[in-house]
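The block underneath contains the structure these notes are about, expressed in structure tokens.
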Amino acid sequence: MTGRTILVTGVTRYLGSALAGQLAAHPDVDRVIGVDAALPEPAARARMGAAEFARADIRNPLIARVLDAAGVDTVVHASASATPASAAARTMAKEMNVLGTLQLLAACQRTPSVAHVVVRSTSAVYGGSPRDPAVATEDTQPRSVPGTGPGRDAIDIEGYVRSFGRRRPDVRVAVPRLAEVVGPTVRTPLTRLFSLYPAVPVLAGRDARLQVLHEADAVAVLQRLALGPFAGVVNVAGEGALTVVQAVHRAGRIPLPVPSSGLGLWARGLQAVRIGGFQPEVVRSLAAGRVMDLGRLQRDVGYRPAMTTVQAFDDFARTLTPALDRRLVRDVEVRLAGALGARPEDPWSAAATRPGGSGRVPAPDARSGASSPGRRHLVSIDGQAGGTPRRPGRWR
Amino acid sequence: MSGDGDGPDRHEDTAARRSGSAAARLAAAVAGHPSAAPPEPADPSGPVPGAADDGAAGPGRPDGSEAAGAAWQERLAGTLAFLRRRLTGEYEIDEFGFDQDWTEHVWLPPLRLLFEKWFRVEVLGVENLPDDGGVLLVANHSGTVAVDALMLSVAVHDHHPRHRPVRMLGADLVFDTPVVGPVARKAGNTLACNEDAERLLRGGECVSVFPEGFKGVGKPFSQRYKLQRFGRGGFVSAAIRSGVPIVPCSIVGAEEIYPLLGSIKPLARALGLPYFPVTPTFPWLGPLGAVPLPSKWIIEFGEPVSTDDLPDGAAEDPMVVFNMADSVRETIQQSLYRLLLRRGHPFLR
């Protein structure tokens, strides 16, 4: 019995390259071909492991020859609905996303060996009107469909995928709707926004819910969909939710409320002084408050993301230099409480000795020791066995 | 007194003086929460100031004379800890955006003041609310501004033995409005739609709904305590599908807080509101007109109506749904009349 031959698009990006590498290492897989219009950077190439790389633009009909020549049976379109890396790349991204998907599906349709197609979609298809139900299931019909931007593109892409499925009913088609992917490695407009220092703009008067997905979970889900039997649409996100302002605080930043109309000016101002830009539409899209129901992912795909939304976000946040350090905040609390004659409340029992044994506090060792339970506390906020050993020390 | 060296020293003094009690508390805490204290920022007993004081006065207090000061300090420490959690984002929200920590520390305390001191709310029949599991509270709606919803949440939170949070279903206008929308979500409310209602009920939450909607809050004073049409009975089908009981809830007193005399229609249309209220004090007295009149309130929870004994497909049978909605409406109307008699004068009690 011969194994699978898989084509993965978008291998210059984290998701594509990591997925190609993991699939290549899978025992059921014979051959993995990663394609992209550009050459992958060394880091991405390293992640690809044993996967081959073919430089090909999916918008070019040449891609059909790659599919045919290699006898590809599984196509994972991981670069569909990928978030553009910068504002200028937006037009380019739309071109790549929508037209690239159209061409790739056309090539798949003409290649008889193709039996499985996975096309990445995004939670942006649910729009984000306050008139929609708070938690979107795969069957939720949004009351207002996004007219432009990544949400619109993703809706178009899903439409193409549906019609492809009608024309090739013998092909298994899976469409995962991913929440915003975060992690220590990926760079998206969202991670860029939260990397702004020291304040992150948020829409004034709006504090919507936010759901994210850890990069490792995103790769694992795509791999499972590529190799498993699931067909259809499925929501993928870390369990639970954060609010945008909460996320800003967890990233050690200060939320800066900006009215929607002032957002463009603020973004241009930042760009002008080259502090690093952000895209106003990213801030606006965060006000949508999208949370997805994850029942189908667990029930039918049989996957439960290893990291909740909060854990995934924290894993990304620990790569940032905090503007407002948790330890500093805790210190101020202890000082202030001490000055007012009150005993500060103990957020974690292990550090409860701290006020009592305050003689030890000034020593640097005792200090870092006393605050490490704080970090554990953060990780264990969702009841997961906290304190993975790598976590301390990576905080700066 | 000034100088940097002073602060820490003084802090050490205090700490040393209390180290005995701190140790006792630590021991209690460790016994109470094994392992690294699942941080549960809203310690169920902590947030209610009264309860927190009781807990603090427990073991290890050297003498009683210090107790009053200690309670005050305890509360101060609690406030500081709350502010720290806000600054570092160390709190949890659920998928609807309910932020329990914030609700108990910021949202409920001022409402509680209004509940106890201003409206002197009397709560009856709280034993009709189950201790756990999904339940749908169906209440009458009145008062021009939805203060009755807020008071209902205080009533359930403070008077129910399990301090259950009430998850209210609100109009889309609420969640569309800046500032108000996020606050409503934080306080545990969500959009009044069947998807959200059933999700909450299946999750075992105490959900409340005001089927009259704007027809109820915005009705003229002359129609006070006359229940309006109960929507399309969607709340009944949600309860049937989730198999949870319906508890009728009658609220007396909200009608008198802002007696609605009329509505300025063009202004309402311009602001996108269902009505622009005119009361004896608003808008004549400006912001002062926004102070609600101090009427006497009674909130009564009626006998639960069970829905799990209905045949399959009852939620899809409009006859069953309408009949049940009607009977719940009738129950609330009757108990409103009864409670009005019991209350007597709206203000003089």
Condition met for residue B:167 (among the charged types (D, E, K, R) and at pLDDT 95 or above): yes
Residues of the stretch B:203-212 satisfying the condition of being away from chain A (no Cβ under 11 Å) and surrounded by fewer than 19 Cβ atoms within 10 Å (Cβ to Cβ): B:204
Condition broken by residue A:18, with the remaining ones in (1) crowded, with 23+ Cβ neighbours inside 10 Å; (2) outside any helix (DSSP H, G or I) satisfied: (2)
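Of all residues being assigned to a strand (DSSP E or B) and within 15 Å of residue A:291 (Cβ to Cβ) in the stretch A:115-168, which is nearest to the other protein chains (Cβ to nearest Cβ)? Just the residue, please. Outline the logic, then answer.
First, pick out the residues of the stretch A:115-168 that are assigned to a strand (DSSP E or B): A:116-119, A:121-122, A:135-136.
Applying the additional criterion that residues be within 15 Å of residue A:291 (Cβ to Cβ) yields A:122, A:135-136.
Values: A:122: 18, A:135: 5, A:136: 9 Å.
Here the answer is A:135.
Is it true that residue A:76 is outside any helix (DSSP H, G or I) and at pLDDT 95 or above? Walk me through it before giving the result.
On the way: outside any helix (DSSP H, G or I): yes; at pLDDT 95 or above: yes.
Against the criterion (outside any helix (DSSP H, G or I) and at pLDDT 95 or above), residue A:76 qualifies.
Mind checking which residues of the stretch B:287-317 are assigned to a loop (DSSP other than H, G, I, E, B), touching a residue at least 60 places away in the same chain (Cβ under 8 Å) and open to solvent by 30 Å² or more (accessible area, probe 1.4 Å)?
Correct list: B:294, B:303, B:304, B:306, B:308, B:310.
Listed here are the residues, each with its yes/no results for (1) in contact (Cβ under 8 Å) with a residue 60 or more places away in the chain; (2) within 26 Å of residue A:323 (Cα to Cα); (3) in contact with a Phe, Trp or Tyr (Cβ under 7 Å, 6 or more places away or on another chain); (4) outside the structural domain of residue A:73 (by TED's automatic domain parsing).
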site: A:223; (1), (2), (3), (4): yes, no, no, no
site: A:234; (1), (2), (3), (4): yes, no, no, no
site: A:251; (1), (2), (3), (4): yes, yes, yes, no
site: A:262; (1), (2), (3), (4): no, yes, no, no
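Looking only at the stretch A:143-174, count how many residues are open to solvent by less than 10 Å² (accessible area, probe 1.4 Å) and not aromatic (Phe, Trp, Tyr). Talk me through it step by step, then tell me what you get.
Let us first name the residues in the stretch A:143-174 that are open to solvent by less than 10 Å² (accessible area, probe 1.4 Å), namely A:151, A:153-154, A:157, A:161, A:164, A:174.
Filter once more, keeping what is not aromatic (Phe, Trp, Tyr): A:151, A:153-154, A:157, A:161, A:174.
Total meeting the criteria: 6.
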Selected residue [at pLDDT 85 or above and charged (D, E, K, R)] from A:330, A:360: A:330
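Can you pull out every residue in the stretch A:146-179 that is basic (Lys, Arg) and within 18 Å of the chain's Cα centre (by Cα)? Give the derivation first.
Our first condition is that a residue be basic (Lys, Arg); within the stretch A:146-179, this holds for A:152, A:162, A:166-168, A:172, A:177.
If the condition is that a residue be basic (Lys, Arg) and within 18 Å of the chain's Cα centre (by Cα), then A:177 is the only one that fits.
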Within the stretch A:176-271, strands (runs of 3 or more DSSP E) holding 3 or more residues that are crowded, with 20+ Cβ neighbours inside 10 Å: A:180-182, A:199-203, A:212-214, A:232-236
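Select, from B:215, B:219, the only residue that is surrounded by fewer than 21 Cβ atoms within 10 Å (Cβ to Cβ) and either touching a residue at least 60 places away in the same chain (Cβ under 8 Å) or part of a helix (DSSP H, G or I) (or both). Spell out how you get there, then give the answer.
Details: B:219 fails: surrounded by fewer than 21 Cβ atoms within 10 Å (Cβ to Cβ).
Testing whether each residue is surrounded by fewer than 21 Cβ atoms within 10 Å (Cβ to Cβ) and either touching a residue at least 60 places away in the same chain (Cβ under 8 Å) or part of a helix (DSSP H, G or I) (or both) leaves just B:215.
The values are calculated or read from the model by the stated rules, or taken from the named source; none is laboratory data. For clarity, every value in this text was computed on a predicted model and none was experimentally measured. Please note: Cβ atoms are built from the backbone with ideal geometry, for glycine as well, and neighbour counts cover all protein chains shown. Remember, those area values only see protein heavy atoms, side chains included, never the ligands or the DNA or RNA. Shrake-Rupley method; radii C 1.70, N 1.55, O 1.52, S 1.80 Å.
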